Structure formats: structure tokens, C-alpha cells
Amino acid sequence: MSTEIVENKTNVKVDSDYPLSHVPVDKRKSFFSVAAVLLGITFFTPTMAAGAQIGAAFRFSDLIWIMLVGNVILGIYVAINCSMGAETGLTSVLLSKYTLGNVGAKWADFLLGGTQVGWYAVVCSYVGALFAKGLGLPNLEVMFTLFWSLVFGVTALWGYKAMEKVAYVAIPSLLILVFYVPYLAIRDAGGLAGLNAVAPISEMTVATAMTVIVGTFASMGTQACNWSRFSKNSKSAFWAGLIAFLIGNLLMLFSGVVGALAYGESDFVIILMNLGIIFFALAVLTLNIWTTAHAGAYAFGVAGAEFFNKPSKTPFVIGGVIIATILACTGFYAHFIPFLVMLGIFIPPLGGVMMGDYYFTYKRKIPQIKFVTFKSLRIAPVAAYIVGTAIAYITDVNGIGIPPLQAIIVSIFCVPLFTIILKQLKYNDMHTIANDVEYVEHPVG
């Protein structure tokens, strides 16, 4: 399926990835196709880097439960988002329009699309550093970053189909690396007993570690609808999302964590060099990063299309790649962990209000987008988002509980609560729906 602009029967040019409409039922993909794309997203080398930095701050026994809890939260959160995407056939930014309104959705566009520009900069910086260190050419790091940023950007223009093809190649090869790195690290550390004996070499609170784990895919997980909307039904989408973001992300974090403990090093590139597998890793990790770069470019492309109400994501993919390349070449990777913490604070509440609105307000029955006249802002979900974000920030700063989870739960239940309050005040917080409305039918089979 090409994402080039095509003409429909009314001679209106439309992007065949449907950035401004519901994905038709006859364009849906198999479970394995969607799962491969989502796994390709989560099999993401900088997640190993995040795992290495978390691993340097805790003992192995603590890391096991921290990773499990963090990834269960992330996996269930994303799986529910995937189910919503399959039932509605809409991207995350279009779903946010139902929840937040025309103007409110622009914040979702900026937050989700903008953070993916940041992610794109991170992955390009990472692959640039990987090649510069691996080939012993540190003076050419910026050149490598620029080269790969442009390559990833050009191939991203082919959309879902390109992501699917690269994922089929990248996933098997990365699985070898994901299991081989822990094997070598555990062997060199003297087994699991050796790992348990390693003392932390840096500091990080459990709350921050949880925020970082969820933050690795808070943005992409909230935007999982972008790909799960191609699923044949909600059950297929739910399991594809859960498998990808629970198991896939856990494997990547574990690999980074074990490497950090075994070699006392939080820089995953240096860990690979210490293992003596850097050249094999170069090929595998580049393929892997390619899938995530595609996902990031796709995400800020559809966000831009919604923001400016344009039927094609192509100009926004190009614009986002240019901005991300500038960020990548000017050292954005140095701010990796603060960036993840920020994502873990601002984005989970957005997913929470979308879930709360879809399940409690619309009760899984939304009108087709062409029949809706959207309000500028819907007060209840916007207020719920603000409260959820405040909860995430306060609990993260003070090291209380699991900030992203608390933010999601508070945001979900604040939506119906604030809706009831507004109804008592006789305020209409809903969009206007045409009299001849047709509702979205949940695909089956």
C-alpha cells in the first residue's frame, strides 16, 4: 500500500493512509502485519540505552520488579489505545479531536507530533554516535547523523507499507542481539549471583525510573492508534499492542540493564564495544532504529495533517525531518533522560482522558467524523488532562508512587466526574451531531 496521493471517485486527492478519515474495513491488515509493525517500533535500541542508565542506579533484584511493573503499565495502556484505534479506524490525533475539541486537539497534535520530532532527533543522534564510535571516526559523528536522518526520512514517505517491510527484516535480527547481549553480560559478570552483587554507580528514584520506562513509549504508545486502526478488530489490536509493548519493550530494557550491571557502564554503545560485537551490532541496530524512525516520521506527519487540516502527511514528514535533523546535529541526545521524564509526565494523562471519554462519555459509540461539528474546547476532558498532568508532575518531583499510572487513572475518572458536574450546571460540553448521523461500526472477523 503506497502512501502517495491518489485520486478518489470525486477527483479529490487523498492520502491512502487516511490521515483525516476512518480506515475502511476492506483496507484492514492481519494480526501479524500490525503486530510486526508495533514490534518494530518497540524493538528500539535507545530503549536499551534507557535500560542501561536505569540499570546503573539499582541493584539487579530491584530492577526485576521495577521493569516488570513499568512494562505491565505500559503494555496495558497501549493495548487499550490499540483497541480504540481498531474500533474507530482513526489516528490518535483525530480521536483527540472528539475528546478535546478543535482547538484542544491542536495541543495533542503539538504534543504527540512534536515529541516524535524529538524522538526522531534522538534516534538519528544515536545511530550517528553508533557509527562514529563503532568505526573509530569520532570527528564524523555529525556527518553520520545527517546521512541517516535523510535516509530514514526518504523511506518514511512510503508510510505503513515501508514500516511493515523493514520490520519483517529488523525483528529477527534484533532478537539475536537482544538475547546475545544478556548472555555475554551474565557470563562475564559471573552469573546471576555476580549481577546481584553489583552495587549501583549512579542515583535515580524508583518513581523516576518508572516514569522513564513508561516515558520510553508514552508518546508512541498514545499514538498506537495510528497503526492499530489498520487491525481487523479490537481483539486483534489489543493483543498486538500488548505483545509488542509489554514483551518487546521488556526485552529491550532487560538487555540494556544487564549490560550496564555487568560492565559498570551506562552508555550502551560502549557496552557493545566492550562485548566486541560492534560491527554486527551496527547492521542490526541500524535496521532496528530504521523502524522506529519510520514510526516517528509517520506520527508527526499525521499530526501535522490534522493540525493544518490537510489531506496529505507528506509535507509534514519532510518538515519534521528537517527540524529533527537540526536538533540531532546539535546534540539533542544529551538530554535523553530529561526528555523521557517529560514525556512520562505530559503524555499519559492525554491517553487517560481519551480513554475516559471514549468508554464513559461515548460508551464506544462515536459518530463518523464527517457528521460532527466540533466545539473549540470540551471543558471536562481538558480539565481532566490538566489535573492528571499536575498529579504526574507533583508525584514525580516528590518521588511518590508511579507517576504515569497515577496520572492515567486520575485522568480517566476525572472525565466522567467533570462531565456530571457540567451537566448539573446545565452546560452542554458535547459536539453538535448531524440529524442523519451514521455511527462507526466496530469491525469484526
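Summary table
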item: Segment 312-347 and segment 165-212: distance between their alpha carbon centers, rounded to Å; result: 25
item: Cβ-defined net charge surrounding residue 228, 12 Å radius [Lys, Arg +1; Asp, Glu -1]; result: +4
item: Percentage relative contact order, segment 228-347, counting C-alpha pairs under 8 Å, at least six apart; result: 10
item: Positive minus negative residues near residue 209 (Lys, Arg vs Asp, Glu; Cβ under 13 Å); result: -2
item: Gain on full stretching of the segment that runs from residue 309 to residue 180 - 0.36 nm per residue minus C-alpha separation; result: 41.8 nm
item: Most fluctuating residue given options 382, 302, 117, as computed from a GNM of the chain linking Cα atoms under 10 Å; result: 382
item: Using alpha-carbon coordinates, inclination of helix 314-329 to the longest axis of the chain, degrees; result: 30
item: Equivalent ellipsoid semi-axes, segment 64-146, via Cα gyration tensor eigenvalues times 5, rooted, Å; result: 34, 20, 10
item: Principal axis box of segment 268-344, alpha-carbon based, largest edge first, Å; result: 50, 26, 23
item: Environment charge at residue 298 (Cβ cut-off 9 Å; Lys +1, Arg +1, Asp -1, Glu -1); result: 0
item: Residue exposure sequence - 187, 364 - by fewest surrounding Cβ within 10 Å; result: 187, 364
item: Label-zone membership for segment 299-329, site residue 143, 7 angstrom Cα→C-beta point, backbone N under 19 Å; result: 326, 328-329
item: From the C-alpha gyration tensor of the chain, square roots of 5λ in Å; result: 36, 25, 18
item: Potential extension, residue 193-residue 364 segment - 0.36 nm per residue separation minus Cα distance; result: 56.6 nm
item: Which of 420, 408 has the fewest Cβ neighbours within 10 Å, and the rest in rising order; result: 420, 408
item: Rg/Rg_globular for segment 304-445, with Rg_globular taken as 2.2 N^0.38 Å and Rg from C-alpha atoms; result: 1.30
item: Separation in nanometres of the label points that stand 7 Å from Cα toward Cβ, at residue 330 and residue 371; result: 4.8
item: Potential extension, residue 444-residue 430 segment - 0.36 nm per residue separation minus Cα distance; result: 2.2 nm
item: Protection-proxy order for peptides 93-99, 425-431, each taking the mean of Cβ atoms within 10 Å per residue, highest first; result: 93-99, 425-431
item: Volume in Å³ per residue [convex hull over Cα atoms, computed for segment 146-249]; result: 180
item: Sorted largest first, extent of segment 216-266 alpha carbons per principal axis (Å); result: 45, 18, 11
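Read the figures in this text as sums done on the coordinates, not as results from a lab. Since this is a predicted model, take the numbers as computed values, not measurements. Every residue, glycine among them, receives a Cβ derived from its backbone with ideal geometry; neighbour counts consider all protein chains shown.
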